[in-house]
1. What is the magnitude of the charge dipole of the chain about its Cα centre, with +1 placed on the Cβ of each Lys and Arg, -1 on the Cβ of each Asp and Glu, and no other charges, expressed in debye to the nearest 20?
2. Amide H of V315 versus every other amide H placed in the peptide plane: which residues, excluding those fewer than 5 positions away on the same chain, fall under 5 Å?
3. As a test of the formula, what do you get for the chain when each DSSP H run with n ≥ 4 contributes -39,500 (n - 2.57) and the sum is divided by the residue count, at 222 nm and rounded to the nearest 500 deg cm²/dmol?
4. First measure r as the distance between the Cβ atoms of H212 and S269, then evaluate 1/(1 + (r/R0)^6) with R0 = 35 Å and state the FRET efficiency to the nearest 0.05.
5. Considering only the other residues whose Cβ falls under 13 Å of the Cβ of G100, what net charge follows from Lys and Arg at +1 and Asp and Glu at -1?
6. Most fluctuating residue of I286, I142, I261 in a GNM of the chain with Cα springs under 10 Å: which is it?
7. Based on DSSP, what percent of beta bridges with both residues in the chain are antiparallel, to the nearest 5?
8. Give, rounded to the nearest 20 debye, the magnitude of the charge dipole that segment 170-298 has about its Cα centre when Lys and Arg contribute +1 at Cβ and Asp and Glu contribute -1 at Cβ.
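The numbers here are math on the coordinates, done by the rules we state, and not lab data. Here the structure is a predicted model, which means the values were calculated and not measured. Heads up, the Cβs are rebuilt from the backbone with ideal geometry, glycines too, and the neighbour counts pull from every protein chain shown.
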Amino acid sequence: MTVYHLQPNAASRRHATIEAGLKAAIPGLIKATSLREILSSGTSRRGELVVAVVILPQGDHQEFEQLVEFAARHAREIFLVLIGDEISTNDYKRVIRTGGADWVSANADAAEVVEIIAGRKEFAADTASSHAPAAGGRPITISFVPSAGGVGNTTLVLETALQLKSDKKTQDQRICVIDLDFQTSHICDYVDSEPRLKIADLSSAPERLDEHLFESYRTRLDNGLDIFAAPRSKFTWEKLNIEALDALLTMIAGRYDLVLIACPLPWFSWTSQVIGASDAAIITGINTIPCLRQVCETLELVRASGASLLQTAIVINRCDYTLLGSIARRKHVGMVLRDEQVFFIANRPEAIECINMGQPMMLGSAARRLRKDLLPLANFCAGLKSRSAVSR
């Protein structure tokens with residue numbers, strides 16, 4: 001374990017007092033001039049626990065905001081212990097939700113900092129053996145965007161996630177699926193499980209989101225795949241608190257390596273934000289002329305989200321095959337989606353039976369046949385790089 005102390009540009013008397021206490025309590029404390037310097041040292045990439053103790057200037061809320069944002073982005077690489085003035089309960093919750101920071105009052109004893117570091121060391125020891133760090137210190141996030149209703153978007157998200165959990169290259173990664181359809185979600189029906197995300201309660205009080213509440217929202221399958229989905233309700237979309245959604249996604253980002261998001265068909269004010277924060281967007285549709293046009297329109301809308309380096313792909317679902325084994329009407333797809341990366345998924349007659357039984361095709365007898373179709377799509381997802389890593 002390596003513990004750094006971030007040196008400010010101009011140290012105050014209060015800073016000197018706190019620093020003296022830290023040096024006495026934490027042997028081997030290393031000075032650093034910036035968080036970027038710590039990241040570039042490569043210590044975190046060697047799998048070593050890295051902690052940075054930061055003493056905040058008095059009354060500088062802007063720096064607090066920047067550190068909270070930094071902690072959320074780099075939770076896998078470095079853990080921040082922030083020391084500063086008293087903060088509100090809401091701000092404290094925001095710090096904890098990052099998964100990469102904790103806060104200590106400037107009036108507290110240095111022993112409290114030591115206790116936080118010791119707890120973080122125990123946490124890292126418990127998870128290091130089974131959890132590989134995500135590329136670039138943040139998860140790879142992929143938004144599946146339906147071009148029309150009934151194209152099988154939710155099914156594709158679930159089956160792709162299950163394929164990734166069954167593949168030797170990715171089975172040890174922490175993978176989760178988020179269903180953002182808060183009114184008519186049915187993804188848990190496909191796995192005969194209970195949806196647990198109480199979005200109305202979370203939206204009314206996002207500041208209550210902590211580790212315990214977060215765990216209560218998670219549906220875990222036997223193979224380790226986690227699902228975040230809400231029970232069907234008439235929850236009014238307009239009442240969704242964007243801060244609640246952001247808080248949930250931030251906590252998820254600090255705990256998973258690969259996040260697959262099932263976007264709802266309606267386009268909301270926050271849809272572009274979700275897609276814009278993703279590393280890739282996959283537009284789903286079927287092979288009909290009207291739907292191919294809708295795929296193009298959705299693709300244009302996704303690219304207009306303004307996210308640089310956003311990778312895109314198309315999935316044409318429920319394809320028919322000719323007697324010779326080629327995809328029926330493939331030339332239509334080639335004409336409309338020229339120069340786009342397209343994946344084709346066959347129409348499986350056993351799909352309805354699997355849905356009625358509450359058993360995904362990837363967990364049943366149809367797995368071997370479906371795997372042939374899903375493997376290229378799953379490999380695309382597994383091979384994605386974080387946009388923050390690409391931009392470096």
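1. For this selection, approximately 1400 debye.
2. Correct list: I283, T284, G285, F343.
3. Details: 15 runs with 153 residues, N = 392.
Roughly -11500 deg cm²/dmol at 222 nm, from the helical runs in the chain.
4. 0.70
5. Charge balance near G100 sits at +4.
6. The residue that fluctuates most here is I286.
7. Numbers: 3 of 49 bridges.
Antiparallel bridges: around 5 percent, rounded to the nearest 5.
8. Working: 11 positive and 19 negative charges, 65 e Å.
In debye, rounded to 20, segment 170-298 gives about 320.
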